[in-house]
Structure formats: C-alpha cells, structure tokens
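These notes are about the structure you will find just below.
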Amino acid sequence: MSKNSGILSSWYNSLVLDRPIIVIAILMLGVIFLGYQARNFRIDASTETLLLENDEDLRYAREISKRYGVDDYLIIAFTPKSGDLLDPASLETITSLRDSLEKLDQVESVLTILDVPLLESPPISYKQLSDTAIPTLETPTVDKELARMELAESHFYRDLLVSQDMRTTAIVVNLKTDPVYSKLVADRSEYLDQKEQGALTPAGAEKYENIVKQIRSRQTELNVRQHNNIAAVRAIMAENRPGGELYLGGISMISDDLISYIKNDLKIFGLGVFALLIGMLGFFFKSKRWIILPMLCCFLSVIAMMGVLGTFGWDVTVISSNFISLQLIINLAISVHLIVRYREFQTILPDADQRTLVGNTIQSKFIPCLYAVLTTIAGFTSLMLCDIKPVIHFGWMMSAGITISLLLTFLLFPAGAMLVKKPKPPTEAKLFNFSFTAMLARVTESHGKAILVLTVLFSIFTVIGVSKLRVENSFIDYFKKSTEIYQGMKIIDQKLGGTTPLDVIVQFEPFEKEDDEFSLDSLDLFSDQDEEEKIDEAGKYWFTSYRMEVIENVHDYLENRPEIGKVLSLGTILKIARNLNDGNSLESFQMGVLYSKVPEEYRDLILNPYISFAEDEVRFSARIKDSMANLQRNALLQEIEYDLSNKLSLEEDKVHLSGAMILYNNMLQSLFTSQIKTLGVVALALLLMFLVLFRSLKIALIALFPNLLSAGVVMGVMGWMDIPLDMMTITIAAISVGIAVDNTIHYIHRFREEIIKDGDYITTLHRCHNSIGYAMYYTSAIIIVGFSILMLSNFWPTIYFGLFTGLAMFIALIAALTLLPQLLILFKPFGAEK
C-alpha cells in the first residue's frame, strides 16, 4: 500500500466507512440547505445574455436607441381568409386586434394600416400638408382603391406594413420601456467604464455590485410582466383567428419563448436522462442497489447545484440550459467506475467483508477519478476565456457542479454501500458478458498498423474539415419548422421586409464647415428659444442639397442589396416628397418647408426616428433577410462598411453600423476567437495534469493525442457538413475533450498497474480491455445515450450539441480502446517489453 493510500485509508475509514449514518445525515442537512437556496434559481433568456458585456458596439447601440426612440416591439402578421386586406371583414379584424391590444398595460401604442397617413388617396401636394387634414383608412372620404395602390407602392408602407402581394399586413405593437431598468443599465455602464479605466473606488465597486443585484431583481420582475403581456397578446390573437392566419414575432416574443423552451428542456432532459440512466443501470448491472445508490448521488448533486446557482445568482441561459443533463451524466460516470471496480474486487476477493471491498474500491479509484474530474473541469473553465458572461457562468457552473458530484459521490456512495449487506459476487458470465471491448482488443493486436493509417487519414480529414468551419447567427434556423417562432419569423422575413435589425448611421460635418450653409449657433433670431425649439427651427435649414444627395445614395445602395429587405430613412421621405411634387425632387428650402408642415403627430412616425439635428446625423433602419440561403453575415457587414467608404466616398469615421445584427455578429466572432484560445488552454491544462499524474512527457503526449483527435474529427464533420458554429456548438470541442479524457486517464492508470505483473504489453492490453474497458464502455454508453435526449429539443443548437457531443464521446471511446493502446504498444512508455 502506498503512502498516499495509507493516508487516505486512515482518515477515510474513520470518517466515512465507520460512521456512514453520520456522514449521510450531514450530507442531507447540506443538501436541504442548498435546496432551500434553490428558490432563487432563475432562468434568463433576455438578449443581454447573448451580448458582450464590454462591447463598445453595445453601448453605442443603446445611445442610438435612446437618441432615435427605438423601443422594443412585437409584430403580428395577419393574412385574412378572404385574401383581401381592405375588405370590411379584414378591416374589422384589424380594428378588433388594434383596439384590444391598446388596452394592455405594457403596450405603448399600436400601428396598423388603419392609422398611417395616406397622401395619395386622393393625392395631396406638399403645399397642402399644413392646410389639409391627412386622411387614413378610417376617414370616410378615403378612396379605397387609391389607398390599395398607395399601400402597395408606397416607399414607406410596402414591405413594412403590407406585403408586396397585398395579402399580409403587419400590426406593430410598441411596448413600454421601463425607466427604472434603463436607469440601472446606464448606471452600470458608468461604473463599468470606471472599472475599465482603473478609476473604480471601493465605494464605487460596492455600488456597482448593488446595481447588478437590482438589475437582476428588476429583470426577473420584467420577465414576468413580459410573459404575461405576451400571453395576453396571444389570447387576443386567438380570439381573432377566425378572421385569418395570425403569427407573432419580435425580440420579446423570442426571448419569452426561449425561457419556456429552457424550462421545458430542463424538465424533459432532466426527467428523460434520469429515466434513461435508470434503465441503463438496470441493463448493465441488474441490481436494485446499483440503480438506487448512483441515482441518489445524481439527484442530490443536481439539487445541491441548483442551490449553488441560486446562492451566487448564476442564471440559467440558452447556453447553459442543459446543465442538469451534463451533471447527471458526469455524476453517473463516476458512480459506474466505482460499481465496476467494486464488482471486480468481489470476484478477486470473494471472502472479503463489505468494509474491505468498499475501502479498496475507493482507494483504487479516487486518484484516477480525481484527475478525470480535474481534466473535465479544465474543459469547462476554459470557457471563462470568453467575453460573454453567460458562457463564463456556464464554465463556473459546470466546474462547481462537477466538484459537488465528486465530493458527494465519494461520500454518499461508500456510506450508502456500508448500510447494506454485501451482495453475492457476480459470476464470470455476469461480470464480463459483452464482447465489444474484447473485440477491440483483438483488432488492436492484429491490425495496429491499419489503426495508425486510419488515424493519419482522420487527421487529414479533420484539418480540411476544420478549415471549412464558419460562424453564423441565423436565428430562424435555430428553431424547428413546426414552432411558432420559426413560422412567424419566416413570414415576417419573406413578406414583411426581413427580421434582423441593422442600423446604418451617417454623420455630416457641422454647418460651419459647409461652404453654402451656416452654423446652428449663428441663428441669432432663435437666441431667445430653448434648445429644443432651436433645434426644431433649425430643421428648416438643415436639408442641404449635398446632404439629401448623400442620404438618397446610401438609401438606394442599401435597398438594392439582395440580403437586405426593408430600408427606412430620410431617403424614404425624399422619395415620397418627390411624388407629392409631381415627380420633381424638392429643393433644399422646399424640404425645410415640408419639414415644418408635417403635423407633429406624424413626425414621430416618418421623421424623428431617422434624423438627429443635434448630432448632425441620419439613421438608416434596415432589416436583414435572415432566411436567405448562403447569407454570410460577417462578410456582408464588412462589405457594407467598405462600399460606403470607397464607393460612396464617405469618410470612414462618419459611418457607423449598429443594431442587433452587429451585436450578435460580435458575439459569435468573439466565440470563434475564444474557441482557439479555449482549445489551446484545454490542451495545455491536460498536458500538465498528465505530467503530474503519470510523471512522463511521453505518456502525457500519448494520452493527449486521442482526445484532441476525437474533438477534432467532430469539428471536421461539422465543417464538411457545412453546419455553422453558433453559441452552443462552439463549446463542443472543449467540453467533449474535458469529458472524453476521463477514459484515457482510467485506461492508462490501469495499464500502468497491470504492466508491472509481467511486462507484456499485449497481455496487459487484453487484461485492461477486460476490466477497465468495461467501465469505459458503460460510462461512454451512458454519456452517449444521455446526450441523445437533447435531440428532443425544439432548439437546433441544443440538438446539434447533443448529437455532436455524443459523436465525440463515441469516437473518444473507440480511440481510447484502439489508438491509445496501440500507441502504448508502439512507444512502450513503461519500459521495454519483458
């Protein structure tokens, strides 16, 4: 017995094996306490969970939203049964929807085709704007046929409120903003700036932590309000479905549905994996004790982990939604290794008492299980290199969960085993009743060179496949076609101008730098006015010919790109104004007159969201067609920036891109960059741990290669299949390496023990395959089947995560039972063969 084993035996026997009831009682008290803390367990699928916390583009996007009044909204796509949007029944349905929606507490306003100004039904000249009441569809004198033509051809309404075929209309539900939450977010940004600059004082740090807690609390309250509001919107839609097809879209709806999906996935995956694991334990071991004891360890570990999440305020997000499945699988893998080793000792030492069997099992498996857990933790902690807080929390979350699983299993499993009688020893037939591992041993012995050749071919396959990998963020492709999210996004994307928002901001030089104009501050006749009135009056003089030309050029460029659907800007107004002026473009002073004549009630609809006189800039609101095949989002953004600077001759520092498209693209590009760092850190961490465990660089390198190959092959398969990396699949490599390396550690640890007996590598190979090989097979089968349950999700990233992580585990198992022993035989790291 080694010194370490002696130390372990002395304290472990006295604390755990001799006092199992006390140990179980203490564990139960701890789990009960953490179970109480689990009341603070929270799910958050808000858009903020997918953004980079210190992203400058995020701060700029918030400034733009505040400046132009860009608030959150829902879109209801309505296609009447009659196929005619303007027949009385269709208009009645739209009226009913609008009136009911406007009564909801969280709704600021509702915009429909009933409410927008009609300037050509009959035609109104720009000179009549201030003298004539602008009609709408609800105006009794409006000409319906002219209105139909105007809606279908209007630069403003087409592809925004009505589809080109005039069969579908959008009902825009503008939601109220929460001033308290907005203020908290702004305060947090200020403290983050101070932190980044190194100017955050201890008092400021305390205030920052307090603000973060308030944001979390407020976000919980707002999530409840949002869920209730969307439920009310859906109830109103259900009441009006007899009138036609209705689909709901919008960021808030997606966020709320994702929370529902996560809750459903947690329930299905947790219970599903739990049931599958019970079935597999029964199939492998055919004993109630080997079902109840490991599953009790799993159940209590998950309860404890939920308490830890509630205690530290780590929210479960889209990225971490499968943490229960992961913890159950990893926890059970530890228990299976203990069960298999216990059964081996039963066969080897049939006359030993229960205490000796349990003690020997713990002594022989603690070190390899400890290092296996540490390597798995290394895989998850590498996620902390990412800049996205939920990914960082996922790394902490799983690291803490695996640590809890190790501690609880090595306390509860032996204590529970000591409370039951020693079972009958398994017969040879029952212990080794499967020939899969023996078959792989024979294959390795007989076809070693073929295994090495296949390894080289798989390595080439991997390198080429990885070079084909790409990063994309097609939200519509994240969901199954049967879901409302997919159906709503598809209709909005294809018929109502696209889904993903992109803002293009163009700044102009101040007036004093333009030869034919003057400074806002030089308008002395406005000196007695306040700033708001002064800016409003300056709007009459802002529209220079140069600016209007630039605005139309940028608008036309964006509108002519096939990837972009609807574009709204001041250029839209210029085109409408040209129609009002008998097809002639307005002069600078005429545009100023038009601005002053537009009724105040319509300025917030057609002017204020697209121009800022105070900042001398204009905003182009575009929407990307997310369902467009082969859409390369990052390349599109780079091309837009390049073209605006080089083809339209705008200064680079005067053009800025913003909006959800930019933020999510930044997130994915950051993930892709951090993936390289992650794999490097994981490989280095594993190499160091192997060096500490085996004290041999040769063994460490042999142990590392099969695991990197298994993860690489999976990434290569994704590249060859043109499956893009997203916010979940991008973590597969690091996680799968961290989990799969467990097999390598257990196998080499056993190989080192067995080779001492006779120094024969081939004989040792067969002994290892017929002992630890079975534990590896059982645990890998459990992991693969456990991950397969994730394919029941409605969320494609979760499905891909389960599918490819399971594939990585399968390849890792085959590599650990073929390539790994072949490398050991080839390089003989334990000395020359005797």
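Candidates Gln669, Met305, Ile404 compared by Cα position along the dipole of the chain: farthest toward the positive end lies Ile404, with charges placed on Cβ.
So, R0 is 51 Å and r is the distance between the beta-carbons of Val456 and Lys207; what FRET efficiency does that work out to, to 0.05? E(calc), rounded to 0.05, equals 0.30. Taking all Cα-Cα distances within the chain, those exceeding 43 Å account for 42%. When Tyr778, Tyr546 are compared by accessible surface with a 1.4 Å probe, the order from highest to lowest is Tyr546, Tyr778.
Under the rule a/c < 1.5 gives rounded, and otherwise a/b versus b/c splits prolate from oblate, where does region 609-659 land using the Cα gyration tensor? In terms of gyration-tensor shape, oblate. Mind checking region 295-394 for trypsin sites (Lys or Arg not before Pro) that DSSP puts in a loop (not H, G, I, E or B) and that have at most 11 other Cβ atoms within 10 Å? Loop-located and lightly packed - none at all.
Note on Leu114 and Gln197: the extension gain reaches 24.7 nm, defined as 0.36 nm multiplied by sequence separation minus the Cα-Cα distance. With both labels modelled 7 Å from their Cα along Cα-to-Cβ, the Arg234 to Arg442 distance reads 5.6 nm. Once the Cα-Cα distance is subtracted from the 0.36 nm per residue extended length, the Gln632 to Arg603 segment shows a gain of 6.9 nm. Among the listed pairs Lys575/Lys625; Lys566/Lys625; Lys495/Lys625; Lys81/Lys480, a Cα-Cα separation exceeding 20 Å is found for Lys575/Lys625; Lys81/Lys480. Applying a threshold of 18 Å to the alpha-carbon distances of Lys286/Lys424; Lys286/Lys422; Lys288/Lys421; Lys365/Lys698 flags Lys365/Lys698 as lying beyond it.
With both labels modelled 7 Å from their Cα along Cα-to-Cβ, the Val180 to Met791 distance reads 4.7 nm.
Heavy-atom accessible area of His337 with all protein chains present, probe 1.4 Å, nearest 10 Å²? Ignoring ligands and nucleic acids, His337 comes out at about 10 Å². Among 816-822, 241-247, the peptide with the highest mean count of other Cβ atoms within 10 Å heads the list, and the full ranking is 816-822, 241-247. Using the alpha-carbon atoms, what tilt in degrees (0 to 90, nearest 10) does helix 144-153 show relative to the longest principal axis of the chain? Helix 144-153 sits at roughly 60 degrees to that axis. From the square roots a ≥ b ≥ c of the eigenvalues of the alpha-carbon gyration tensor of region 602-720, which class results: rounded (a/c under 1.5), prolate (a/b over b/c), or oblate? Prolate, since a/c reaches 1.5 and a/b exceeds b/c. Calculated mean residue ellipticity, 222 nm, the chain: -21500 deg cm²/dmol, from DSSP H runs (n ≥ 4) at -39500 (n - 2.57) each, averaged per residue and rounded to 500.
Here the peptides 610-616, 710-716, 553-559, 458-464 are ranked by packing, the mean other Cβ count within 10 Å, and the order with the highest first is 710-716, 553-559, 610-616, 458-464. Accessible-area rank, largest first, for Ile215, Ile348: Ile348, Ile215, with all protein chains present and a 1.4 angstrom probe. Along the positive direction of the dipole of the chain (beta-carbon charges: Lys, Arg +1; Asp, Glu -1; about the Cα centre), which of Ser287, Gln226, Ser320 reaches farthest? So the residue we want is Ser287. As a calculated quantity, the FRET efficiency between Glu63 and Arg167 at R0 = 45 Å, using C-beta atoms, amounts to about 0.70.
The angle separating the long axis of helix 3-12 from the principal Cα axis of greatest extent in the chain is about 80 degrees. Against the chain, whose longest principal axis is taken from its Cα atoms, helix 772-788 shows a tilt of about 20°. Annotation for Leu826 and Lys263: the two label points, set 7 Å from Cα along the Cα-Cβ direction, are 5.4 nm apart.
The values are calculated or read from the model by the stated rules, or taken from the named source; none is laboratory data. Given the structure is predicted, the values throughout are model-derived calculations rather than measurements. With ideal geometry, Cβ positions are generated from the backbone for all residues, glycine too; neighbour counts draw on all protein chains shown. Note: areas computed on protein heavy atoms with side chains; ligands, DNA, RNA excluded. Shrake-Rupley method; radii C 1.70, N 1.55, O 1.52, S 1.80 Å.
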